[in-house]
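The structure that follows is given in the form of structure tokens.
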Amino acid sequence: MEWIQQLVNGISLGSIYALIALGYTMVYGIIKLINFAHGDVFMVGSFVGFYSIVGLGLDFFTALVLAMIFCAIFGVLIERIAYKRLRNATRIAALITAIGVSLLIENGFIFTWGPQPKAFPDIIANGSFEILGAKISIKSILILSISITLMVILQFIVHKTKIGKAMRAVSHDNEAARLMGINVDNTISATFAIGSALAGAAGVIFGLYYTKIDPLMGIIPGIKAFVAAVLGGIGIIPGAMVGGLVLGVIETFVNASGFSLWRDAAAFVILILILIFRPNGIFGKNTREKV
Amino acid sequence: MKKSKRFWLFILLAVVIYSVVQLLISTGVFGSYYSNTLILMAINIILAVSLHLVIGITGQFSIGHAGFLAVGAYISAIITMRLELPFIVGIVAAGIIATLAGLVVGIPTLRLRGDYLAIATLGFAEIIRIIFLNIDYVGGAAGMQVSHYTTWTYAFVCLVITIIVITNFTNSRHGRACISIRENEVASDAMGINTTFYKVAAFAIGAFFAGVAGALYAHNFYIIQPVNFGFLKSFDILIFVVLGGLGSLSGSVIAAILLTMVSTYLQGFPETRMIIYSLVLILVMLYRPQGLLGTREITDFLKFKKSRKGVAQHVE
């Protein structure tokens, strides 16, 4: 029953990707920007979690909430300072700015706190139990349940609250939403806040699961989460969840079948195949281009 | 007539720069530190100009240029170190294989636009890097030892050839087709331009010169490792083009010279260097999104003065 165990590992990894991918997909859906700095928000969340457990002696769930709040504020700051002026700029200018912000956060962090990796404290009991002969650790169950809870809350916010309705309206048609009296700027900031909070949560559970965090840890998961968002159809929230899980499972199986050095390539191969054969993603609809 | 005059002026200038620097190197005024910096500068200019053709002229946003640099570096290293052929064969082969890689990457991805193209090229560059990481023949993660063959002469000759080819391409009818794709792809398609062909052609030419730069790069550093060709390297090249001005060849040359000097001074402080780079990138995009020179060339400023005089005379 080796493969059940791998499947559970894959789903745990995939749920981390899914949480990051949600932020990408929400931001892309609303302002059509690939927020390269999103992976670094994830990194910052991980470090906030680390310092609040080690430095402040908080328990895991308080640290998780603290990291989410901190990242929400951080995400809004990034949006207000760097991206807000670029609403009417070309897409390439916005993309280059996002790359710049990402490099600035990484290197500013290294400059201030040093490049050394930190060992994330092991504060959850390392137990495991067996189902059908597969050994499943408590940690993966915990990660999975946190991710699912957050996703349910997100679905509730997007579909049942006023701000969620505003977000859907702005992503549908920015101008029309403004004419209907929706405060577009605040709605975009709220999107950044929610997306960044999810990335912060992903950072803390990543630290718990992999136990080693460093200032450049956001780059690869960030790009892979973007792949997950594209896989599910960018701009579509359920797509990001499914894309993240699929990517996590595929990667774990590539890793388990003895090609561990090719693990990172798997995500990019998937990205290129999906972009060539189905650029709108699994859940995307075909849109015709108009002149 | 006028164009050829400009061409010979450029050749004359190149010969003068070459002989002055060569004289300074051979008389020992420039030590190995300075000559290495100058070679690095030439390599960076080749990279910047080759990416300028893809992003600045054709308007295809590629952020995976380091992939072709890696192909050139490894192919040339295999030819000189494993097959023990002369360096010049290595340079040519690096360019040709990088062109093939450019075709393989370009034909499927150039159907995509904007953000998606950017991410796809980034993905391909990472795949190229991971392939080299997994081939034991070229040393895997530990890298490959390479002898030091790159001299100022090799670097400068390659640089001059790159600039001449790309300038002539830009000013030819093919170059104008590429510019029309940059300005409006749908409209240029409607005017009967084979947009796919020109996009792939520009991409392949850009890849060729990136491969040549890779050959020079590999034989300047004694060792090449897959980790040197990650996407941070692609961003380095991108910054030259963006800072200089999207669409300005002289702009990207100037930016490459300036930023090579800055990064040589800050060699011991890589974080400081990257902080400066990223701040420059953000500030340029926020306050001058067209880059320092925009789409103009440095020679346009000279012409502007003359033509203003001409207009004044005309009015009189």
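Read-outs: derived from the displayed coordinates by stated rules, not from any lab. The structure displayed is predicted, hence computed values, not measured ones. Here the Cβ is made from the backbone with ideal geometry for all residues, glycine too, and neighbour counts use every protein chain on show.
Hey, with R₀ at 41 Å, roughly what FRET efficiency would residue A:276 and residue A:73 work out to, going by the Cβ-Cβ distance, to 0.05?
Working: r = 39 Å, r/R0 = 0.96.
My answer for the efficiency is 0.55.
Using only the alpha-carbon atoms of the protein assembly as shown as identical scatterers, what base-10 log of I(q)/I(0) does the Debye formula give at q = 0.08 Å⁻¹?
Log-scaled intensity ratios, in q order: -0.60.
Now for a separate question. Considering every Cα-Cα pair within chain A, what fraction, in whole percent, is farther apart than 31 Å? Intermediate values should be presented prior to the final figure.
Details: 10956 of 42195 pairs.
Result: 26 percent of Cα pairs exceed 31 Å.
Separate question: Could you work out [θ]222 nm for chain B from helices alone, using -39500 (n - 2.57) per DSSP H run of at least four and dividing by all its residues? Round to the nearest 500 deg cm²/dmol. All intermediate terms of the calculation are to be shown ahead of the outcome.
Values: 13 runs with 230 residues, N = 316.
Value at 222 nm, helices only, nearest 500: -24500 deg cm²/dmol.
Go through region B:241-249 residue by residue and turn each phi into a ³J(HN,Hα) via Karplus (6.51, -1.76, 1.60, θ = phi - 60°); whole Hz please, and just put x for glycine and proline.
Per-residue couplings from phi come out as 5, 5, 5, x, x, 5, x, 10, 5 Hz.
Spin-label point model (7 Å from Cα, Cβ direction): what's the residue A:124 to residue A:156 distance in nm?
So the two model labels end up 2.1 nm from each other.
Could I ask something else about it? As a footprinting exposure proxy, order A:241, A:180, B:81, A:43 by other Cβ within 10 Å, with the fewest listed first.
Working: A:241 25, A:180 10, B:81 17, A:43 28.
Listing A:241, A:180, B:81, A:43 from fewest to most nearby Cβ atoms yields A:180, B:81, A:241, A:43.
Which whole-number percentage describes the relative contact order of chain A, with Cα contacts under 8 Å and a sequence gap of 6 or more? If you can, show how the numbers build up before the last one.
On the way: 475 pairs, mean separation 107.9, N = 291.
Dividing the mean separation by the residue count of chain A yields 37 percent.
Something else: With label points built 7 Å along Cα→Cβ from the Cα atoms of residue B:29 and residue B:265, find their separation and express it in nm.
Placing both labels 7 Å along Cα→Cβ, they lie 2.2 nm apart.
Report P(r) for region B:243-295: all Cα-Cα distances, bin width 10 Å, range 0 to the bin holding the largest distance, values in whole percent.
All Cα pairs, binned at 10 Å, distribute as 27, 49, 23, 1 percent.
Most exposed first by the Cβ proxy, i.e. fewest other Cβ within 10 Å, how do A:59, B:115 rank?
Working: A:59 10, B:115 20.
Final ranking by Cβ density, sparse to dense: A:59, B:115.
Hey, in the GNM for chain A with a 10 angstrom Cα cutoff, which one of A:56, A:275, A:22 fluctuates hardest?
Fluctuation is largest for A:56.
Percent relative contact order of chain B, based on C-alpha pairs within less than 8 angstrom and at least six residues apart?
Values: 469 pairs, mean separation 93.4, N = 316.
Normalised by residue count, the contact order of chain B is 30 percent.
Expressed in nm to one decimal, what extension gain is obtained for the pair residue A:56 and residue A:131 from 0.36 nm per residue of sequence separation less their Cα-Cα distance?
On the way: separation 75, 0.36 × 75 = 27.00 nm, distance 3.71 nm.
So the extension gain works out to 23.3 nm.
What value, in deg cm²/dmol to 500, does the helix sum -39500 (n - 2.57) over DSSP H runs of n ≥ 4 give at 222 nm once divided by the residues of chain A?
Values: 11 runs with 205 residues, N = 291.
That comes out to -24000 deg cm²/dmol.
Still on this structure: Taking the Cα-to-Cβ direction at residue B:223 and at residue B:157 and moving 7 Å from each Cα, how far apart do the two end points lie in nm?
3.0 nm
According to the Kirkwood expression over distinct Cα-Cα pairs, how big is the hydrodynamic radius of region B:141-298, in Å? Spell out each step's value before the answer.
Details: mean 1/r = 0.0567 Å⁻¹.
By the Kirkwood definition, the hydrodynamic radius is 17.6 Å.
In what sequence do B:158, A:71, B:178 fall when counting other Cβ within 10 Å, fewest first?
Numbers: B:158 22, A:71 31, B:178 27.
Least crowded to most crowded, the residues run B:158, B:178, A:71.
What are the principal axis extents of the Cα atoms in region B:106-188, in Å, biggest first?
Taking max minus min along each principal axis of the Cα atoms, region B:106-188 gives 49, 36, 16 Å.
Could you tell me how many degrees, from 0 to 90 and to the nearest 10, lie between the Cα long axis of helix A:91-113 and the main elongation axis, the longest principal axis, of the Cα atoms of chain A?
40 degrees
Over 30 Å apart: what share of the alpha carbon pairs of region B:33-229 falls there, rounded to a whole percent? Walk me through the numbers on the way to the answer.
Values: 3824 of 19306 pairs.
The share of Cα pairs beyond 30 Å in region B:33-229 comes to 20 percent.
Please give the contour-minus-distance gain from residue B:184 to residue B:7: 0.36 nm per residue of separation, less the Cα-Cα distance, rounded to one decimal in nm.
Gain on extension, residue B:184 to residue B:7, equals 60.7 nm.
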